[in-house]
Number of protein chains: 2
Amino acid sequence: MQLALDCIPCFINQVIRLSERIGFDEDTTRNLMNTAWDVMKNSPPEITPPEVALQVYQTVFSYTDIEDPLIDLKSECTDMALALYPGLKELVRHADDPLRMALQLAVAGNVIDFGQASTFDIQAEIDKVLAAEFPIFDYDSFVRAQDKTDMVLYIADNAGESVFDRILIEEMKKPVVYAVRSEPVQNDVVYEDALQAGIDKVATVLSSGAPTPGAVVKLCSPEFLDLYDSAGMVISKGQGNYEALSDETRPIFFLLKVKCRHFSHVVGVPEGSYVVQLRNG
Amino acid sequence: MQLALDCIPCFINQVIRLSERIGFDEDTTRNLMNTAWDVMKNSPPEITPPEVALQVYQTVFSYTDIEDPLIDLKSECTDMALALYPGLKELVRHADDPLRMALQLAVAGNVIDFGQASTFDIQAEIDKVLAAEFPIFDYDSFVRAQDKTDMVLYIADNAGESVFDRILIEEMKKPVVYAVRSEPVQNDVVYEDALQAGIDKVATVLSSGAPTPGAVVKLCSPEFLDLYDSAGMVISKGQGNYEALSDETRPIFFLLKVKCRHFSHVVGVPEGSYVVQLRNG
């Protein structure tokens with residue numbers, strides 16, 4: 001998916017909030033905003049948002065010595081989600097259809113996002129997701145795909161959200177490979193963040209090889225791509241992975257919250273919607 | 001008030017939505033975005049958001065022959081508000097304190113805004129404002145000022161919102177001069193829009209002389225400034241007028257909905273709050 005006009009001010013907003021979080025002064029922030037603007041202005045038309053995000057975040061991160069400037073934020077999000085974990089497990093245990101409940105919760109977890117919004121209330125989001133109609137909810141296909149496959153490739157999105165992914169993985173009956181980013185970008189989950197969420201207890205954690213916040217296939221490792229080609233079921237979390245993978249031809253289940261106007265147009269559902277969509281199924 | 005970093009991507013967003021509304025193609029929109037960016041990049045640090053808005057909107061409007069590109073949107077907003085008018089008058093009539101109710105409704109009307117949000121649900125906003133606690137609500141001062149003054153200068157904001165202003169004006173016991181923008185900018189109310197809302201039946205409609213979406217004093221007409229200096233009570237609607245007038249030293253009642261993160265910091269209340277604030281009182 002190509003960079004939309006709406007993405008441009010959104011990335012500038014991210015530079016501002018990221019700079020605040022790191023503690024840059026206003027002059028540095030302005031410089032970074034100008035650099036990000038130039039990156040987007042001079043990008044080829046076919047560039048995807050995750051590729052732009054990588055350049056923008058690498059530029060911002062290059063102004064600090066800290067290797068993973070959002071590590072504290074990510075860790076806080078994971079701890080917050082871990083505190084909710086026992087209650088969420090109870091919800092799943094008492095649900096008429098535990099897998100369905102776990103799937104809905106995994107989508108709710110996608111609200112944890114630094115890229116698009118700076119604040120979120122995860123408990124309010126859980127209440128909302130439980131009351132919401134999903135305008136696209138390909139649940140029967142999801143169950144069928146799970147029953148048929150030998151292995152599930154689960155392409156992760158944000159730190160903290162991983163705890164919600166873990167709850168879904170625990171309800172799935174097949175082995176899961178959990179693919180994380182190869183290096184810190186946005187608040188996306190990297191290997192260490194996944195361990196903090198306890199994903200290693202329920203799945204094999206693997207880097208996709210892609211440093212972009214979205215598994216851009218041409219940047220992924222051969223090891224990941226072998227799994228991607230052979231897996232009977234692929235799950236993709238969040239808008240970034242959708243942007244990277246929506247033009248692919250293999251069947252993929254996209255689990256996400258629609259967080260912006262542009263995505264609302266692309267997916268054809270209202271902003272704020274929760275989606276479980278099988279493409280190429 | 002100076003342009004904040006947050007204002008920059010917000011104006012870029014406005015260029016995108018305005019271009020869509022006018023029907024510009026993507027290349028034109030990109031050109032306009034780049035021009036708006038350069039305007040902001042090269043502005044002196046003391047420039048206010050309404051002054052930037054003027055330059056940005058004048059640039060966009062210069063690409064079309066239509067004199068007031070948002071005239072249809074403004075007219076629709078006014079018609080929509082006029083359709084609500086009889087019901088709102090009933091609400092006021094049956095309220096324990098009709099002036100207080102009318103004041104709250106006037107703040108609710110501030111949700112009508114193209115500058116900051118592209119969609120709004122005015123009925124939902126009315127329900128929200130009636131249920132909301134105003135974190136700043138200088139009502140006693142408002143009543144005292146009204147009782148003491150001979151004349152109220154009411155500095156308007158958006159088209160459509162004017163219908164809500166009219167309801168407040170009808171409950172006030174003093175003559176009101178209603179100041180509008182001197183020429184089309186954003187969806188701000190100009191003379192013709194005020195007539196459509198029926199303001200001329202309850203107040204004297206006057207241009208502030210300022211073409212900015214916010215009554216920047218140095219740009220206002222001598223006629224307006226005479227009234228501004230002599231009026232016993234000045235009411236200012238919306239963020240744009242707040243940005244233009246918050247550094248003034250005379251007492252002013254600011255009525256607004258807090259529509260962005262930056263304003264939330266400035267006013268010291270949560271985003272989405274409704275405010276009736278007397279400054280320099």
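The values are calculated or read from the model by the stated rules, or taken from the named source; none is laboratory data. Since this is a predicted model, take the numbers as computed values, not measurements. No Cβ is skipped: glycine too gets one built from the backbone with ideal geometry, and neighbour counts run over all protein chains shown.
Residues in the range A:11-26 that are more than 11 Å from chain B (Cβ to nearest Cβ) and either in a helix (DSSP H, G or I) or of a type in the set (V, I, T) (or both): A:L18, A:R21, A:I22. Residues considered: B:A156, B:A145, B:A124. Of these, the only one that is at pLDDT below 95 and assigned by TED's automatic domain parsing to the domain that holds B:D193 is B:A124. Taking the criterion of being free of Cβ contacts under 8 Å to residues at least 60 places away in the same chain and under 15 Å from the mean Cα position of the chain (by Cα), would at least one residue in the range B:170-178 satisfy it? Looking for residues that are free of Cβ contacts under 8 Å to residues at least 60 places away in the same chain and under 15 Å from the mean Cα position of the chain (by Cα), one finds at least one in the range B:170-178, hence yes.
When residues in the range B:228-255 are screened for being of a type in the set (A, V, I, L, M) and either in contact with a Cys (Cβ under 9 Å, 6 or more places away or on another chain) or farther than 22 Å from B:T149 by Cα (or both), 1 of them pass. Residues that are in contact with a Gly (Cβ under 9 Å, 6 or more places away or on another chain) and surrounded by fewer than 18 Cβ atoms within 10 Å (Cβ to Cβ) within the range A:133-143 comprise A:P135, A:I136, A:S141, listed in sequence order. Within the range A:38-48, being without any contact (Cβ under 8 Å) to a residue 40 or more places away in the chain and either outside any helix (DSSP H, G or I) or within 11 Å of another protein chain (Cβ to nearest Cβ) (or both) holds for A:D38, A:M40, A:K41, A:N42, A:P44.
Could you go through the range A:220-233 and let me know if any residue there is of a type outside the set (V, I, T) and within 17 Å of A:F137 (Cα to Cα). The answer is yes; a qualifying residue exists.
Checked against the criterion of being part of a strand (DSSP E or B), farther than 16 Å from A:Y154 by Cβ and not aromatic (F, W, Y), the candidates A:V269, A:V275 yield just one match: A:V275. Residue-level analysis places A:A102 outside the set of residues that are surrounded by 21 or more Cβ atoms within 10 Å (Cβ to Cβ), small (G, A, S), under 11 Å from the mean Cα position of the chain (by Cα) and modelled with pLDDT of 95 or more.
The combined condition, being within 14 Å of chain B (Cβ to nearest Cβ), farther than 20 Å from A:K218 by Cβ and out of contact with any strand residue (DSSP E or B) (no Cβ under 9 Å at 6 or more places or on another chain), is not fulfilled by A:P69. Can you say whether A:A81 is under 30 Å from A:E133 (Cβ atoms), of a type in the set (G, A, S) and crowded, with 17+ Cβ neighbours inside 10 Å, as far as the supplied structure shows? Answer is yes for this residue.
Every residue, every condition in (1) over 23 Å from the mean Cα position of the chain (by Cα); (2) more than 14 Å from every other protein chain (Cβ to nearest Cβ); (3) in contact (Cβ under 8 Å) with a residue 12 or more places away in the chain, yes or no:
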site: A:P9; (1), (2), (3): no, no, no
site: A:T29; (1), (2), (3): yes, no, yes
site: A:A36; (1), (2), (3): no, no, yes
site: A:P50; (1), (2), (3): no, yes, yes
site: A:D65; (1), (2), (3): yes, yes, no
site: A:P86; (1), (2), (3): no, yes, no
site: A:E90; (1), (2), (3): yes, yes, no
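For the range B:63-100, give me the residue count where each residue is in a helix (DSSP H, G or I) and hydroxyl-bearing (S, T, Y). The qualifying residues number 3.
Number of residues in the range B:164-180 that are in contact with a helix residue (DSSP H, G or I) (Cβ under 6 Å, 6 or more places away or on another chain), of a type outside the set (F, W, Y) and within 10 Å of B:I199 (Cβ to Cβ) equals 4.
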